[in-house]
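Reviewing the structure listed below.
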Number of protein chains: 2
Amino acid sequence: MIKPDSGRPNDFLSLEDISAGQRFISRKYELTESDIKAFARQFDPQPFHLDNTAAQASVLRGLAASGWHTASITMRLWTESIPIAGGIVGVGGTVAWLARARPGDSLEVHAEIADVKRSTSNPRVGTIVVRSETRNQHGKVVLLQEVELFVPGRLA
Amino acid sequence: MIKPDSGRPNDFLSLEDISAGQRFISRKYELTESDIKAFARQFDPQPFHLDNTAAQASVLRGLAASGWHTASITMRLWTESIPIAGGIVGVGGTVAWLARARPGDSLEVHAEIADVKRSTSNPRVGTIVVRSETRNQHGKVVLLQEVELFVPGRLA
């Protein structure tokens, strides 16, 4: 993993520095019950994200994080692990919630560059596609994403 | 819009009650600068979401919400506007951030049922696809999503 916080600007990747197959692995993020409930109170106040008893009786079979919470945690881990010049600016993409993220889970992101495309209308910039797996401590993928990011070239 | 909070269980929609073309419109959500920065500090601590001066100099041309913040706000508005029996449980889908969400924006979700599919392996349940536009006060779509949700049938 390239450290984005070393203070040397040339640690940040421009479009020319990125190629398909490059991989980035994040630190581990410990997901707590209070984190799950705090996010849910603000953005997804449904019983199975807020109340342990209601969650047991629900289709989720126990308290689980909002899918958008898992996606937001993944973004946090990306910002610490994928050092793109100009920052991580998403265009769009896909999300698939493949398993529940539970209290006590330790989440880790494994991301790989799936594609690099230079803009035909403005060749000084382009986009990349990041294929990202957010895995729990058992190696199970809880969130699978393919997200297209805007990336400037060195001359942008 | 069907009110999910009337207390009558039959206000909640089972798979049989849902058909393509049904529409749901949320209340308006006022996005503040402090909301944008608070979400960013926790999940997307990049300068263009945290610092007005840095944001002006960035590709975002001014402070803007994290795309995952906009998605999370949209989820909040869904939970208040789309009354599905058993709750809103996402399987996966697409996101496209088409415009910036700025401090002072008033966001409103316009969602439409795009598809309804009964499970072939377990016909008591199914999925629906929700096509959702999160619009600002000028009617501009900032976030376009198509998300597949798990929905139980009446006999599930």
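Here are a few things to note about the model shown:
- Residues considered: A:Pro123, A:Pro47, A:Pro103. Largest GNM mean-square fluctuation over chain A, using C-alpha springs under 10 Å, is found at A:Pro123.
- Tilt relative to chain A, helix A:67-81 - C-alpha long axis, 0 to 90 degrees, to 10: 40
- Here the dipole of the stretch A:15-152 is about 120 debye; that uses its Cα centre as origin and unit charges on the Cβ of Lys and Arg (positive) and Asp and Glu (negative).
- Partner chain coverage, peptide A:125-136 - average Cβ within 10 angstrom: 0
- Taken residue by residue and averaged, Cβ atoms of other chains lying within 10 Å of the Cβ of B:144-154 number 1.
- Lysine pairs in chain A whose alpha-carbon atoms fall under 26 angstrom of each other, counting only those eight or more residues apart or on distinct chains, come to 6.
- Folded to 0 to 90 degrees: helix B:33-43 orientation relative to chain B principal axis, Cα: 70
- Estimated FRET transfer efficiency when R0 is 51 angstrom, pair A:Ser121-B:Ser19 (beta carbons, to 0.05): 0.80
- Dipole magnitude (debye, nearest 20) for the protein assembly as shown, charges at Cβ of Lys, Arg, Asp, Glu: 140
- The loop-placed trypsin sites (Lys or Arg not before Pro) in the stretch B:10-112, going by DSSP, that have at most 12 neighbouring Cβ atoms within 10 Å of their Cβ come out as B:Arg61.
- Inter-centroid distance (Cα atoms) of the stretch A:102-153 relative to the stretch B:8-84, Å: 21
- Applying 1/(1 + (r/R0)^6) with r as the Cβ-Cβ distance of B:Gln42 and B:Asp11 and R0 = 35 angstrom yields a FRET efficiency of 0.55.
- Projecting the Cα atoms of A:Val59, A:Trp97, A:Ile128 onto the charge dipole of the stretch A:15-152 (Cβ charges, centred on the Cα centre) puts A:Val59 farthest toward the positive pole.
- Overall form of the stretch A:15-152: prolate. Here a/c, set by the Cα gyration tensor axes a ≥ b ≥ c, is 1.5 or more, and a/b is the larger of a/b and b/c.
- Copies compared at B:Lys117 - label distances in nm, ascending, label defined 7 Å from Cα in the Cβ direction: 2.4
- In a DSSP loop and with at most 10 other Cβ atoms within 10 Å, there are no GluC sites (Glu not before Pro) in the stretch B:93-156.
- Spin-label zone in the stretch A:85-129 - amide nitrogen under 14 Å from a point set 7 Å from the Cα of A:Glu33 along the C-beta vector: A:102-105
- Axis-nearest residue of A (beta carbon) for the A-onto-B rotation, whole Å: A:Thr94, 3
- Residue-averaged beta-carbon neighbours from other chains (10 angstrom radius) around B:58-64: 2
- Inter-copy label distances at A:Glu33 (7 Å, Cα→Cβ; nm, one decimal): 3.9
- Global form of the protein assembly as shown, assessed from the alpha-carbon gyration tensor, a/c cut-off 1.5: prolate
- Cβ-Cβ FRET estimate between A:Leu98 and B:Glu146, R0 fixed at 25 Å, reported to 0.05: 0.90
Bear in mind these aren't lab numbers, they're just calculated from the coordinates by the rules spelled out. None of the values given here were measured: they were computed from a predicted structure. Neighbour counts are summed over all protein chains in view; Cβ atoms, including those assigned to glycine, are modelled from backbone coordinates with ideal geometry.
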